[in-house]
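Each remark here refers to the structure printed beneath this line.
The values are calculated or read from the model by the stated rules, or taken from the named source; none is laboratory data. Quick caveat: nothing in here was measured; it's all calculated off a predicted structure. When we count neighbours, we look across all protein chains shown, and the Cβ atoms used for this are built from the backbone with ideal geometry, even at glycine. Just the protein is used for accessible areas: all its heavy atoms, side chains included, with ligands, DNA and RNA removed. Shrake-Rupley method; radii C 1.70, N 1.55, O 1.52, S 1.80 Å.
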Amino acid sequence: MGGGLAGLSSAVALAEAGFRVRLLEKRPHLGGRATSYALPDGEHVDNCQHVTLGCCTNLEDFYRRVGASHKIRTYRRLYFTDPQGHRGVIEASPLPPPFHLAPSFARFPLLSGADKRAIARAMLKIVRCGGLPADVDGNGGGITMLEWLERHGQTKAAVERFWGVVLVSALDEELGRTDARYGVDVFWKAFLANRTGFELGLPAVPLGELYDGSREAIERRGGEVSLRAGVRLIRVAEGSVAGLQLESGEQVTADFYLAAVPHDALLELLPGEIAEREPAFANLRRLRTSPITGVHLWFDREVMSEPYLTVLDCTTQWIFNKSLLYSPSAGAVGASRAAEAGQYLQSVISASYGLVARSRQEIIELCRRELEGILPATREARLVKATVIKETAATFSPEPGCDQWRPRQTSPIKGLFLAGDWTATGWPATMEGAVRSGYLAAEAILAVARTPRRLLQPDLPVQRVSCWLAKNSRSAHSKQAEDSVVASRAGGCGSSEPTEQGSSAGSGGNCGVGTQK
Ligand SMILES: Cc1cc2nc3c(=O)[nH]c(=O)nc-3n(C[C@H](O)[C@H](O)[C@H](O)COP(=O)(O)OP(=O)(O)OC[C@H]3O[C@@H](n4cnc5c(N)ncnc54)[C@H](O)[C@@H]3O)c2cc1C
């Protein structure tokens, strides 16, 4: 049930393992939240721009399995801008991680020396505990990322122009509502443990075109993908799934059932009494959600040369140059653009609580005003058309303590398995989290079917110097960190695979520090 990344990744993995899979998707297209569709005027748009990072190893594996890897382009420079249009770039130097980004960071013009020193101290703290600081726990639960940054003496500008800029978009939540564990983990995995963790992956095609291979992979092995096939009810008898009732009235039975729908949708499908009684389901009501707003703007001329920009001190957080990203010559700034006239940009605002109640026209005008400083060419350009897509419940909020409400991929109902970015993966609500959940659910089914198979991919290896720094400090004072790794592995988030020796050049392999929670 559900043709988002969780449903697709589990379905493809199970089909490859010899199962005959029937995938039931309510909508007329695959991809769930990470998809694209046609607007009433015929324009094809992504539900919202989606970004992946080099550290998303399971998503990468999934794209490879379904032949979509070549539709994702890798970008190795991060472009930043302030409201006045001053630019800064972060990119890797030949230095080994965790210092590979340090030279460009030292030159970065949009932060002061005091900001950079504070950030560097906090980064070193993250490295020295292998991404698992002991001081992220407060009284009776985790502390927020903002509290953690305050404890570590971050300047106001460092919080607003650096930590917030990266984390609000990565985790779709404000720093004051984000569990510090998630925030620290992003920096460890993406920026400190491995050289390629920070690299951006951006689709060179509309998102919906990434899933053709998934459908083929299922159908080639005798399976079936049913669109417009919404499930109305999961029928339960004597603690086991007895079958599904579809919205069309059709009854469906199977050996195993996997629900990969959003968590609130699952509660609607279960018999009410079970949804209330079983903590694994009842606790889902405690997961809060946060919004993301995408603003799509079509200009009559070229107004931007970079493929994307991360924006400081504005409501707009990212601007994506969709014309360039889709062009065959994308990849380098200044590369010749698609021959078409005009330019299509998309702005993204995560944790966009302040925009939910505002009208679409107000949001378009706000973005337009901000763009005039960032991209001066927009002042003269004509805005041909614009649209706003508000996802008011885009992802679950990674607030302190949320992990206790995320169920494992097995369920209290016999025959029913769960997948979705909201299940226990140790990852925030991302495409990577969704694929991890799909693989973990498929592993659970394969185990019950007595054909166990490992599908979950290891994290990128922790490279030599990061490893050495983490280990050295651990032997001094991190018994606590070790305990927390053991506890979280035992807690069964499922992503307990230790890092493995990597094959990438310069890899120092597994240093044994916990990189998964
Ligand atoms: C605006 C926005 C921007 C985002 N940006 C990023 C990003 O840049 N990077 C990133 O990694 N992640 C991003 N995410 C998060 C990412 O999209 C999700 O984490 C991921 O796609 C979730 O996949 P899923 O399969 O768990 O759930 P979904 O994608 O929600 O899939 C669930 C599927 O179940 C179907 N369904 C629901 N009810 C039924 C039913 N009764 N019967 C049958 N089918 C049903 C739905 O139609 C849907 O297709 C973003 C999300 C949003 C909303």
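A few points about this structure:
- When each of 71/390; 125/189; 189/322; 26/385; 116/189 is checked by Cα-Cα distance, pairs over 24 Å: 71/390; 189/322; 26/385
- Mean separation of Cα contacts under 8 Å (6+ apart) over length of the chain, as relative contact order %: 22
- Sites residue 44 and residue 341 - FRET efficiency at Förster radius 22 Å, r taken between beta-carbons, to 0.05: 0.80
- In this label model, residue 285 and residue 77 are separated by 5.2 nm, measuring between points 7 Å along each Cα→Cβ vector.
- Among 459, 135, 41, the order of accessible area from largest down is 41, 135, 459, computed with a 1.4 Å probe on protein heavy atoms.
- The helix-only estimate of mean residue ellipticity at 222 nm for the chain, built from DSSP H runs of length n ≥ 4 each weighted as -39500 (n - 2.57), is -9000 deg cm²/dmol after division by the residue total.
- The modelled label-to-label distance for the pair residue 156/residue 248, using points 7 Å beyond Cα in the direction of Cβ, is 6.0 nm.
- Shape of the chain, Cα gyration tensor, a/c cut at 1.5: oblate
- Carbon + sulfur, % of accessible area of the chain - ligands and nucleic acids excluded, 1.4 Å: 51
- Taken per residue, the accessible surface of the chain reaches 40 Å², heavy atoms only and a 1.4 Å probe.
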